[in-house]
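What follows is calculated from the coordinates using simple rules that are stated; it is not laboratory data. Remember, predicted model here, so these are calculated numbers, not experimental data. Positions of Cβ are backbone-derived with ideal geometry, glycine not excepted, and every protein chain shown enters the neighbour counts.
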Amino acid sequence: MRVRASGILLHITSLPSPYGIGDLGPSAYRFADLLVDNRQTFWQVLPLGPTDPIWGNTPYDSRSIYAGNPLLISPEVLAEAGLLTKEDLENHPHFPKGSVDYHSVTEFKMKILKIAYESFPAGGSVEKANKNSAPGDRCGYNKFCNDNDPWLEDFALFSAIKSHFGGRIWSEWPEALRDRKGEALEEMKQKLLDDILMQKFLQYTFFRQWAGLKSYCNARGIQIFGDMPIYVNYDSADVWTRPEIFNLDENKKPLTVAGVPPDYFSRTGQLWGNPLYRWDVLKKDGYAWWMRRIEHNLQLFDLLRIDHFRGLVAYWEVPAGKKTAVEGDWVKVPSDFLPALFRRFPNLPIIAEDLGLITSEVREAISRFDLPGMKVLLFAFGEGLPENPYAPHNHVKNCVVYTGTHDNNSSRGWFKNEATPDERRRLFAYLGREVSEEQISWELIRLAMMSVADTAILPLQDILSLGEEARMNRPGQTVGNYQWRLLPEMMKIDPRLKEMTEISGRN
């Protein structure tokens, strides 16, 4: 029997912090306490991988499907471990309030992370031991490196080489490195050893801090709701190490790329540009690459949203070089992939992101494996309201209802700047009264909480009744995204949430 529950969507980067970006330190633990105090069950976050300004700092385009983002490492936790001093923490630049300046944050964070690395013994191969580094730390580090060797070694080498070549895309490296020739790789391993070891230290530190936060949440009844994009970034360790599973040409450049046709978010579709999989190659070993990827995510999260789930049934393929996603075609994924996935993970706790153009074939797959889909209330009041699947009266128990997601405006921002007069009229008719801009967020929260849906997830921006200035992402726009942050004084939750949680039976 499923249990009615609710939670809050807030990415780690949006937490308050003195260091320019939210991290895995004190504010994350305080937010977990707020969730407990308000009887919430879930904390939903966005993907945790390393981000890059070239790709707009989006967590959905990372240079690794396994690695964690070093910018999320907490300097305060490092100081508690003796790896940073009080002076290291105090000597930071002035960061803007309420937003992330990724350039200045990266510059500062990498500087102090280098200090922390130099205070830590990076395994037996380098003599760095000092009085601040306990033997237990070294053992933990060595175990982490051994356990994660299948991806960690390649990721650390990839990152070191990429830095060595000034951030150049891997396909533009010297041919011997591009093609991973053994002698060339060994030469770079020796030449860039210290940088490689620092990359490993950063990953060890990230995952140690993440494990600490997750354990804290789980012990208090909070489940971490993660997010996994189905595609990978072309300029990633994943494509560099396994080019044969991607649709690339003889120079290892993409032949086709991912996107979606015209939809709610864009009249010309969305051209994501990620390389597409060669499913015929993946199939040969029983989709082992995918099995390892899912297993890794299940170690990080209690519940996992698969972004663009419909791409695991059929995907939109666009020839490389096209300016928009209009000129594409639907291509089917082998029909045995999802059955193989659920044989390997019989009780797979995933949510299918099923927004946009969803065919009967995709619906059948979601139904066959009894997967919760998504209902977004900001989509509920367009034309055809009685039949609109996002309208609360059409919800089903096995789904997750949102007021909006990270890709939407805030409810208040939508009401003020995007909702048409007809959408407002339908909304007022649905509510039974007219409401103001100041009231709209909590009216939609109430609809979500009273929905028959087993799970309700609410962006913190809506709980705080914030406007468009708090929007996280604008699909199709490559700058200015994923920057919104909470001010310290905003770390609070209206008591109405706890009351609605209790009244709606979500506890």
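A few notes on this one:
- Cα gyration tensor shape of the range 370-507, rounded if a/c is under 1.5, else prolate or oblate by comparing a/b with b/c: rounded
- Label zone of E80 (point 7 Å out along Cα→Cβ, amide N under 17 Å): in the range 188-219 this covers 205-219.
- Charge context of L84, other residues only, Cβ under 12 angstrom, K/R +1, D/E -1: -2
- Three-way shape label, the range 1-87, alpha-carbon gyration tensor, a/c 1.5: oblate
- Note on H103/E468: beta-carbon distance plugged into 1/(1 + (r/R0)^6) with R0 of 30 Å gives a FRET efficiency of 0.80.
- Checking the cross-link pairs K143/K214; K114/K252; K162/K375; K191/K322; K109/K498; K322/K397 against a 30 Å limit on the alpha carbon distance flags K114/K252; K162/K375; K191/K322; K109/K498; K322/K397 as lying beyond it.
- Per-peptide packing, taken as the mean over residues of other Cβ atoms within 10 Å, places 149-156, 4-11 in the sequence 4-11, 149-156 from highest down.
- A simple packing score, the average count of other Cβ atoms within 10 Å per residue, orders the peptides 375-381, 452-458 as 452-458, 375-381, with the highest score first.
- For the range 242-371, the square roots a ≥ b ≥ c of the C-alpha gyration tensor eigenvalues yield an a/c of 1.5 or more together with a/b not exceeding b/c, which makes the shape oblate.
- Fraction of antiparallel bridges per DSSP, the chain only, in percent to nearest 5: 35 percent
- In this simple spin-label approximation, E499 and S367 carry label points 7 Å from Cα along the Cα→Cβ vector, and these lie 4.1 nm apart.
- Taken about its Cα centre, the range 67-208 carries a charge dipole of roughly 140 debye when the Cβ of each Lys and Arg holds +1 and the Cβ of each Asp and Glu holds -1.
- Each part reduced to its alpha carbon centroid, the range 216-249 and the range 379-458 end up 31 Å apart.
- Under 5 Å, built H, 5+ apart or other chain: amide partners of R471: S410
- Spin-label model, K189/H164: points 7 Å from Cα along the beta carbon direction are separated by 1.2 nm.
- Selection from H92, V318, M449 lying farthest towards where the dipole of the chain points positive, charges on Cβ: M449
- Over the range 67-208, equivalent-ellipsoid semi-axes from the Cα gyration tensor in Å: 27, 21, 12
- Between the range 296-320 and the range 1-75, the alpha-carbon center distance in angstrom: 19 Å
- Label positions at E387 and V3, each projected 7 Å from the Cα along the C-beta direction, are separated by 3.9 nm.
- Selection of trypsin sites (Lys or Arg not before Pro), the range 257-306, meeting DSSP coil and at most 12 other Cβ within 10 Å: R267
- Student exercise, the chain dipole from Lys, Arg, Asp, Glu Cβ charges, in Debye to nearest 20: 700 debye
- Unit charges at the beta carbon, dipole of the range 67-208: most positive-side option, F165, L185, T106: T106
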